[in-house]
Amino acid sequence: MMTTLFCVAGLTLTVGQAGAAAAKPLKTTFGTVLTKVDRSMATAALPDTIYCGGYVTNPYQAGGAVRVDIHGECTAVVDNIYLSPAIYYSNGVNVAERPANFPSRAAADHFAVTNCLGINLEYFGYGVAIFTKAGYAGSPLVLSGQTPNVTIFC
């Protein structure tokens, strides 16, 4: 079953329903396009449209920690991919955030992690991905996604 979360730049974000015995974290996906507007000779070899998107995972236990992963990718190399994964308690308190830039890439992965406290706690993951490409409309392209609350005990 898919649940609609919210809309970013005209894109509907969806997540699957979490199962108690899920082998790997479910993902909140996001994506849209950058369209080339500079048609000069210098950019003639670049595609007219670059599709960019990615996902942020539900929080999950990784050893003695809670972890959230983020992935961003485009159909061509962009000038920069900025990824900022974060972990929040269900009450909205940010417990871990780890932003990073990845220049001259078509894809990048990153994660945020926080220690487990040894009790049942509800967490949600949040991720921001910013794709920058000179000469393209919609640049910088800012996308984000939030996961549902997940109870973790470790």
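The values are calculated or read from the model by the stated rules, or taken from the named source; none is laboratory data. Since this is a predicted model, take the numbers as computed values, not measurements. Because the Cβ atoms are built from the backbone with ideal geometry, glycine has one as well, and the counts that use them run over all protein chains shown. Areas reflect the complete protein model, heavy atoms only, side chains present, ligands, DNA and RNA absent. Shrake-Rupley method; radii C 1.70, N 1.55, O 1.52, S 1.80 Å.
Scanning the stretch 100-145 for residues that are over 29 Å from VAL33 (Cβ atoms) and in contact with a Cys (Cβ under 6 Å, 6 or more places away or on another chain) gives a single hit, CYS116. Residue pairs whose Cβ atoms lie under 7 Å apart, separated by 6 or more positions or on different chains, with the first residue in the stretch 135-154 and open to solvent by 10 Å² or more (accessible area, probe 1.4 Å) and of a type in the set (Gly, Ala, Ser) and the second part of a loop (DSSP other than H, G, I, E, B) and modelled with pLDDT of 90 or more, are SER139/LYS133. Of all positions in the stretch 87-99, none carries a residue that is surrounded by 19 or more Cβ atoms within 10 Å (Cβ to Cβ), in contact with a Lys or Arg (Cβ under 6 Å, 6 or more places away or on another chain), among the small types (Gly, Ala, Ser) and farther than 19 Å from VAL33 by Cβ. Against the condition in a strand (DSSP E or B), open to solvent by 40 Å² or more (accessible area, probe 1.4 Å) and more than 15 Å from ASP69 (Cα to Cα), how does ILE119 come out, does it pass? For ILE119, the condition - in a strand (DSSP E or B), open to solvent by 40 Å² or more (accessible area, probe 1.4 Å) and more than 15 Å from ASP69 (Cα to Cα) - is not met. Residues of the stretch 34-77 that are farther than 30 Å from LEU121 by Cβ, modelled with pLDDT of 90 or more and of a type in the set (S, T, N, Q): THR49, THR75.
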